[in-house]
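Asker: Right, I'll just put the structure down here and ask away after.
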Amino acid sequence: MSRAPRGGGTQDRQSEIVVFAGRDMEEQGRRELEGQWGRVCDRLRKEIGDKAFKTWFGEVELGELKLGKIRLYAPTRFVRDWVGRHYGDRVLAYWQSVNVEVKNVEVNLVPPPTPRRPNEIIAVPPVPSSPGYAQPMPRLGPAIGRGDEVVQAPEGRYTFANFVVGKPNEFAYAAARNIAEQDRPLPERNPLYIFGGVGLGKTHLMHAIWHALRERDPRTRVLYLTAESFVNKFIHALRTKNTGAFKEMFRNVDVLMVDDVQFICGKETSQDEFFFTFNSLVEQNKQIVLSSEKPPSELHDLEERMRSRLGSGLVADIHASTYELRLSILQSRAEAARVPVPAAVLEFLAHKINTNIRELEGALNRVVAHGQLIGREITVEMAQDVLHDLLRQADRKVTVDEIQQRVSSYYNIKLAEMSSPRRARAVARPRQVAMYLAKQLTTLSLPQIGKRFGNRDHTTVMHAVRKIEELKVSDNSIAEDVELLKRQLQG
Amino acid sequence: MAEARRQLTLDVGHRTETWSRADFVESPANREALGWIERWPDWPAPALTLYGPPGCGRTHLGRVWAARAEAETMTGTDIAALDVAALAELASRARRVFIDDARLAPERGLFHLYNLLRERGGHLLLAADRPPAQWEIRLPDLASRLRASPAIAIDPPDDELLGSILLKLFADRQLHAAPGVIAYLVSRMERSADAARGLVAALDRRALTEGREIDRRLCADVLGGLSNEPVDR
């Protein structure tokens, strides 16, 4: 995301630098160029919107200006081609408006990524007073260590401000806020243990605490990680005989947050190490926040002494969501995304997707994205279509028998008419609809379909299919019949 | 029919698989899936699943995406062979992974990979015969993550697509089909890409052993032989 030029770390880049060595760009020139790129980016962002800008230019980096040609670097071929094709002219025009020397803009592919430098790895700005915390990972070895701190830095979008509070989560919310606002940990609230089912907002609260603490005092050393990641790092440290660095990582934190702590259960060595870390931090009066799917008393694979320690502070649970909470979450998300979604659609989603919040938000995202993709208006029918994999129990194989039954009862004719030789329109049309559906919904060959409709020829089936296709265009009621029957059959 | 198919699936040695975007045949059946592939990286979730019946083109489309996104291509069984450290290494190196036959991947491995990629801002494309909502996943965290991400259906081929698939299969074998053969086959064969594959292989073999042209009469003979039911000619 950085607008800074790349460091010239790879072989490829170095060779370019050698080529340009004769006309070495001075510091001053470089800064100017970056300033221009910044202005070009601002205009682009305004022009194409934040989202598109982030998508296409988020990872595009400024290269150099040589003989009137600006070089940009895209992370992938796809982005390179897209940016070149769709935005190339605009980038050039904007650039020329701030620098008349620019005659051309070229988008290239970046050379394969170089390993990140340690100070890029840490999403948190390094804290001068604690070098041990700022750079512990590289010492843990590349396999798990590299880039892992980025991994554990909470995503920006989960804050208290966008956490929707309702009856099922108000207690956990209040407890989390409390931790974020306190000056020092109170023993009766340490650890804070938040539990609840999958996808109900535990991680959201954890991230929100992280952001609030950092906002309050950027020097606060808050380490957030998943239990999975704790175990992985520890195993790696054991393998590489480097447990010292591992312990170092926790020694200087002010607040430790471990998400999904149930993943530590049953892994004895990791469990012991976690217990040790936990105790030593509590002794130093450092705040600990844990989340889990289960209350401490139900973590059966955990030793008794540990279970009771985990439950010794404040235990807050998040209950399954209610319809009201789901609806207000959807309203708040739709509003934040600035996408007009009809109330009926939000109500439909709140009613149908009642498993958990993650799936609820996922469903809304899918519907909105689908609408954008195919430029279709968001309606309940459209949402039903897009989410049919979630709403339907299973994709059943539709049979010709089912089709014939459903169609004949829909048109109120006898099932036997499906294979009768009668050609009266009242029965012939429904039969044609059924043949059409058989072709659409099964993989049977046309001769096989014909056979099931009173031993008819495959050309009859072809004729029926063509007829219905024509009628679907010219006759709205046929189109609706077919759609409805199709939906019913796919159940 | 089953016996003929069994032989046929082994008989693919000389068919060169081409996975490029240019070779991908667009049709209403796969247009939405293609739209999502072309929309990347603007996806609403870190993962996306393409699903549809065997031979619907999900592997091909996955490969098209992999080429675009410069993603690592693997199968579900490959994932089973990787431990957590190897998955972390994969996620750091590739950041974008396409997993074909994703239902063969172990749940925990898939869960780790999903998390690792999400945390790195990466993406995971899965291909399977059914949407994740119908996979009977036991790990609730994985189930809810996959259910929250788009699952896009690729429908069984329509006539146009089936015809194009047949053309491509003939071309892959450098066979020349007489005029009218494609239309003849499309209106009489089982309508799936797998069936098309079997059919073209059978036609190829029959034409070779009997020294015949690939024309309607040969098609009629082969279709008759492939089906247990009488085929009307």
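Nothing in this text is a laboratory measurement; each read-out follows from the coordinates by a stated rule. From a predicted model like this one, the values you see are computed outputs, not experimental measurements. As a convention, Cβ positions derive from the backbone with ideal geometry for all residues, glycine included, and neighbour counts pool all protein chains shown.
Asker: Any number yet on Rg/Rh for the stretch A:323-395, C-alpha, Kirkwood?
Answerer: Working: Rg = 11.3 Å, Rh = 12.1 Å.
Reported Rg/Rh (Cα atoms, Kirkwood Rh): 0.93.
Asker: Using the crude model of +1 on Lys and Arg Cβ and -1 on Asp and Glu Cβ, and no other charge, please compute the dipole size for the stretch A:170-318 relative to its Cα centre, in debye to 20. Intermediate results must be reported in sequence, preceding the final value.
Answerer: Working: 19 positive and 21 negative charges, 104 e Å.
The calculation lands at about 500 debye.
Asker: Also, I was wondering about something else. Once you sort the root eigenvalues of the Cα gyration tensor of the stretch B:30-153 as a ≥ b ≥ c, which label holds: rounded (a/c under 1.5), prolate (a/b larger than b/c) or oblate (the other case)?
Answerer: Details: a/c = 1.44, a/b = 1.19, b/c = 1.21.
Rounded, since a/c falls under 1.5.
Asker: Set the Förster radius R0 to 25 Å, insert the Cβ-Cβ distance between B:GLU107 and A:TYR410 as r into 1/(1 + (r/R0)^6), and round the FRET efficiency to 0.05. Mind dumping the intermediate values first?
Answerer: Numbers: r = 41 Å, r/R0 = 1.66.
Computed FRET efficiency for B:GLU107 and A:TYR410: 0.05.
Asker: Another question about this same structure. What distance in nm separates the simple spin-label points at A:ASP475 and A:GLN28, each placed 7 Å from Cα in the Cβ direction?
Answerer: 8.1
Asker: Give, in nm to one decimal, the length gained when the segment between A:SER312 and A:ARG425 is fully stretched (0.36 nm per residue of separation minus the Cα-Cα distance).
Answerer: On the way: separation 113, 0.36 × 113 = 40.68 nm, distance 7.77 nm.
Gain on stretching A:SER312 to A:ARG425: 32.9 nm.
Asker: In terms of the ratio Rg/(2.2 N^0.38 Å) built on C-alpha atoms, what value belongs to the stretch A:338-450? If you can, show how the numbers build up before the last one.
Answerer: On the way: Rg = 19.1 Å, N = 113, 2.2 N^0.38 = 13.3 Å.
Compared with the compact-globule rule of thumb, the stretch A:338-450 sits at 1.44.
Asker: Same structure, new question: In degrees, nearest 10, range 0 to 90: what is the angle between the Cα axis of helix B:216-226 and the longest Cα principal axis of chain B?
Answerer: So the inclination is approximately 60 degrees.
Asker: While we're looking at this one, here's another question. Just need the relative contact order of the stretch A:170-318 here, percent rounded to a whole number, with Cα pairs under 8 Å and 6+ apart. Spell out each step's value before the answer.
Answerer: Details: 224 pairs, mean separation 59.9, N = 149.
Relative contact order comes out at 40 percent.
Asker: With all distinct Cα pairs included, what does the Kirkwood hydrodynamic radius of the stretch A:45-89 come out to in Å, to one decimal, could you say?
Answerer: Its Kirkwood hydrodynamic radius stands at 11.1 Å.
Asker: Where a Cα-Cα gap under 16 Å defines reach, which lysines qualify for A:LYS241, not counting those fewer than 8 residues away within the same chain?
Answerer: Of all the lysines, those that pass the test against A:LYS241 - Cα under 16 Å, at least 8 places apart if same chain - are A:LYS233.
Asker: With labels modelled as points extended 7 Å from the Cα through the Cβ direction, what inter-label distance (nm, one decimal) is found for A:LYS103 paired with A:ARG90?
Answerer: 2.6
Asker: Separate question: Here are some pairs, A:LYS202/A:LYS352; A:LYS352/A:LYS451; A:LYS202/A:LYS397; A:LYS167/A:LYS247; A:LYS54/A:LYS397; which of them have Cα atoms lying more than 32 Å apart in this structure? Before the final figure, lay out the partial values.
Answerer: On the way: A:LYS202/A:LYS352 22 Å; A:LYS352/A:LYS451 40 Å; A:LYS202/A:LYS397 39 Å; A:LYS167/A:LYS247 40 Å; A:LYS54/A:LYS397 42 Å.
Going by Cα-Cα distance, A:LYS352/A:LYS451; A:LYS202/A:LYS397; A:LYS167/A:LYS247; A:LYS54/A:LYS397 fall outside the 32 Å limit.
Asker: Simple spin-label model, 7 Å along Cα-to-Cβ: A:ALA52 to B:ALA80 in nm?
Answerer: 4.6
Asker: If you place +1 on the Cβ of every Lys and Arg, -1 on the Cβ of every Asp and Glu, and leave all else neutral, what size is the dipole of the protein assembly as shown about its Cα centre, to the nearest 20 Debye?
Answerer: Details: 102 positive and 96 negative charges, 179 e Å.
It works out to roughly 860 debye.
Asker: What's the percent breakdown of Cα-Cα distances in the stretch A:400-490 across 10 Å bins, shortest bin first?
Answerer: Percent of Cα pairs in each bin: 18, 58, 24, 0.
Asker: Which angle between 0 and 90 degrees, to the nearest 10, do you get for helix B:193-210 versus the longest principal axis of chain B when only C-alpha atoms count?
Answerer: Helix B:193-210 sits at roughly 40 degrees to that axis.
Asker: A further question follows. For the protein assembly as shown, what does the convex hull of the Cα positions come to per residue, in cubic angstrom?
Answerer: Details: hull volume 147.7 nm³, N = 724.
Hull volume over Cα atoms, normalised by residue count, gives 204 Å³.
Asker: Also: Apply the a/c threshold of 1.5 to the C-alpha gyration tensor of the stretch A:342-382 and tell me whether it is rounded, prolate or oblate.
Answerer: Details: a/c = 3.01, a/b = 1.49, b/c = 2.02.
Taking the square roots of the gyration eigenvalues as a ≥ b ≥ c, the stretch A:342-382 is oblate.
Asker: Gap in Å between the Cα centre of the stretch A:294-319 and the Cα centre of the stretch B:122-162?
Answerer: Result: 36 Å between the Cα centres.
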